[in-house]
Amino acid sequence: MLDTALAGLVNGSSYALLALGLSLIFGVANVINFAHASVFAVGAMSGWWFSVDLDWPLWTVLLGVVAVTGLLGLVINLVAVTPLAKAPPIAALLSTFAVSVVVDNGAQLVFGPETRRFPALLATDNLGLGGLRFGTLDVTILVVAIGLMLLLGWFLRATRYGRAIRAVAQDRDAAAQMGIPLARVQNLAFVVASVLGGVAGVLGGMYLNNISPTVGSTVGMSAFAAATLGGLGSLPGAVAGGLLLGVVEAFGVSWWGGNARTLITFAVLLLVLWVRPSGLFGKRTPLAAEPMTGTFFGAARTVRLKPWQVAVAAVAAYVVPAVALDDYTVQIGVQVVVYAILALSLTLVSGQAGQISLGQAAPLAIGAYTSALLTTATGMDFWLSLPVAGVVAAVLSVVLVSPSWRLRGHYVSIATLATGLLVAAAAVNFDWLTNGPSGVSAIPPPSLFGAEVSAPLAVYFLDLTILLVVLLLVVRLRRSTLGRIWSAVREDEVAARSSGIAAADYKSLAFGIGGFVAGIGGALFAQQYGYIDPSVFGISVSLLALTIVVLGGLNSPLGAVVGAIVLVGLPEALRMLEETRMLTYGLLLLAVVLFRPQGLMGKVAR
């Protein structure tokens, strides 16, 4: 038991360093820096390169990583945060989310995507105390981590710029009136936070042994959970949250196996958000106007097509593939349709109701697994499994997300992200239901009037028809009384509640209907491929869906279709860039957020 606790404290030290950086940036800039996890990965990969290729000793490796990640943190602030200083927090949240994708995939291009072994710079089993075995590595990680925490505390208390950081974190406007250079302080906060993240990457790399350019994704979510557990913006809370989460994970893994780690992390994160969103050390604040919705994208209005233009486009969607495209291109068209349906679910949740969801892969996965299991295990007909998949996805979406409706701002987005990752982790661990990592195979294709719908063109026609029905449903909902109520909640939730609108109930309804639509898309996804497994529904799917709707116009159903065509339907243009596809998505999302937040199918309201 003592060795498990020690392992948890050592691992939790990396979480604590990352969480310290997250809380520092949140306090100074009021931004959840999703790119911070990528800084951890860059630190780990840079440390590997310095030690393996350049043969540097540990102390010079740490100095090199400090320089690299400090510069990276400065660039992140200057590129993704500072230009959006006057925009609502949703803008910086999306931009740092995009930067994380760019950094992760850029690191894969630089270092290669493969997993590699971090060199054993220190002994791992050369010390003992009372029957407890540990190594110089464990002692070094704890000493360095605790030393950096104490050094940061001294810097914030005893130095001029440290006191300036505390002043800005306490009251940004008052600090500006006192002559504190906000831009310089924010730059410094990002540099310091990124240095902590980079050092955590080296320490974590030595402890984990195996690293890759995407190692920051799981560790980063653990750091988010730790920062939230301790209280976002609270530095003592970040330390306590990191160490506590590390110990909880260590005991969970010892009891239930390594696959349980992510399940524990995201379950703890959601539980904290539901029960005590202010965290163990955070201050409870009164409810304020929702800063994550409405105003950033609300200034745009969607482009409307005339009925005859819509009719021509629909006819062309049926005719052109039948007469001019080969089977491969038609299969790409099927993917376009499925992702367009998923994106349409986001136009309801995020565009109409204003609740930014970073985990829309969750209802997609639920729908896919529901339909796949019903058709393979029970022999249910696809046409019966289709609405069941939608209903199950809707119900579970509401159940998992509805406790978050008393949250505000960043916390809602973090909760949706955690929900998406929790569903994927559950699919891995609940092997009695989902067959675990092996997935579900031999999913039968649907049949219509006794004929099997398996040819690419037939599948395309089927999915396209369902897409048009969903598109009509979404458009009608937007123009209904319900749509206007959602818009009122999106624009000003406090005013909406003051008018007697049950905002939480209408948010749940938006997620329920959006979950139903995504579940339908999931069922089509499963039938299209005939095989699914948990890895298919990772964060990249949620990112792609979000990129599609932001590109097309977050509040535009037609834009969701156009965005899917651009991002999924141009494989020939992107085939030669297969290794940089996700990098392209990240750059595109960042460019849209910075330069055209209304999207391709939106225009600025005058």
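The values are calculated or read from the model by the stated rules, or taken from the named source; none is laboratory data. Please read these numbers as outputs of a predicted model, since none were measured by experiment. Cβ atoms come from the backbone with ideal geometry, glycine included; neighbour counts cover every protein chain shown. We work out accessible area using only protein heavy atoms, side chains counted, and drop any ligands, DNA or RNA first. Shrake-Rupley method; radii C 1.70, N 1.55, O 1.52, S 1.80 Å.
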(Q) Could you tell me how many of the residues in segment 459-480 are at pLDDT 90 or above, part of a helix (DSSP H, G or I) and either polar (S, T, N, Q) or open to solvent by 70 Å² or more (accessible area, probe 1.4 Å) (or both)? (A) 5
Q. Among (1) over 16 Å from the mean Cα position of the chain (by Cα); (2) open to solvent by 40 Å² or more (accessible area, probe 1.4 Å), where does residue 411 come up short?
A. (1)
Q) When only residues in segment 419-437 that are β-branched (Val, Ile, Thr) and under 17 Å from the mean Cα position of the chain (by Cα) count, which is most open to solvent (accessible area, probe 1.4 Å)? A) 423
Q.
Going through 231, 237, 252 one at a time, which residue ends up being modelled with pLDDT of 80 or more, at positive phi and either open to solvent by less than 70 Å² (accessible area, probe 1.4 Å) or assigned by TED's automatic domain parsing to the domain that holds residue 348 (or both)?
A. 231
Q | Residues (out of contact with any Phe, Trp or Tyr (no Cβ under 8 Å at 6 or more places or on another chain) and either open to solvent by 10 Å² or more (accessible area, probe 1.4 Å) or in a loop (DSSP other than H, G, I, E, B) (or both)) located in segment 332-356 | A | 332, 335, 336, 339, 356
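Matching residues to (1) in contact with a helix residue (DSSP H, G or I) (Cβ under 8 Å, 6 or more places away or on another chain); (2) over 18 Å from residue 193 (Cβ atoms); (3) open to solvent by 10 Å² or more (accessible area, probe 1.4 Å):
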| position | (1), (2), (3) |
| --- | --- |
| 17 | yes, no, no |
| 25 | yes, no, no |
| 30 | yes, no, yes |
| 43 | yes, no, no |
| 49 | yes, yes, yes |
| 59 | no, yes, yes |
| 93 | yes, no, no |
| 96 | yes, no, no |
| 101 | yes, yes, yes |
Q: Output the number of residues of segment 67-91 satisfying the condition of being open to solvent by less than 50 Å² (accessible area, probe 1.4 Å) and more than 22 Å from the chain's Cα centre (by Cα).
A: 1
Q: Determine, yes or no, whether residue 377 is open to solvent by less than 20 Å² (accessible area, probe 1.4 Å) and assigned by TED's automatic domain parsing to the domain that holds residue 532.
A: no
Q: Mind checking which helices (runs of 4 or more DSSP H) fall wholly inside segment 504-606 and carry at least 3 residues that are modelled with pLDDT under 80 and out of contact with any helix residue (DSSP H, G or I) (no Cβ under 7 Å at 6 or more places or on another chain)?
A: 571-575
Q) Tell me, which residue of segment 438-458 that is in a loop (DSSP other than H, G, I, E, B) and more than 27 Å from residue 427 (Cα to Cα) is most open to solvent (accessible area, probe 1.4 Å)? A) 449
Q. Quick one: what pairs do we get from segment 162-178, first residue of a type in the set (A, V, I, L, M), second surrounded by 14 or more Cβ atoms within 10 Å (Cβ to Cβ) and in a loop (DSSP other than H, G, I, E, B), C-beta under 8 Å, 6+ apart or different chains?
A. 164/180; 164/181; 167/180; 168/180; 169/233
(Q) Looking at (1) farther than 30 Å from residue 419 by Cα; (2) buried (at least 17 other Cβ atoms within 10 Å of the Cβ), which one does residue 225 not meet, given that it meets all the others? (A) (1)
Q) Taking residue 485, is it free of Cβ contacts under 8 Å to residues at least 40 places away in the same chain, more than 28 Å from residue 95 (Cα to Cα), hydrophobic (A, V, I, L, M, F, W, C) and assigned to a helix (DSSP H, G or I)? A) yes
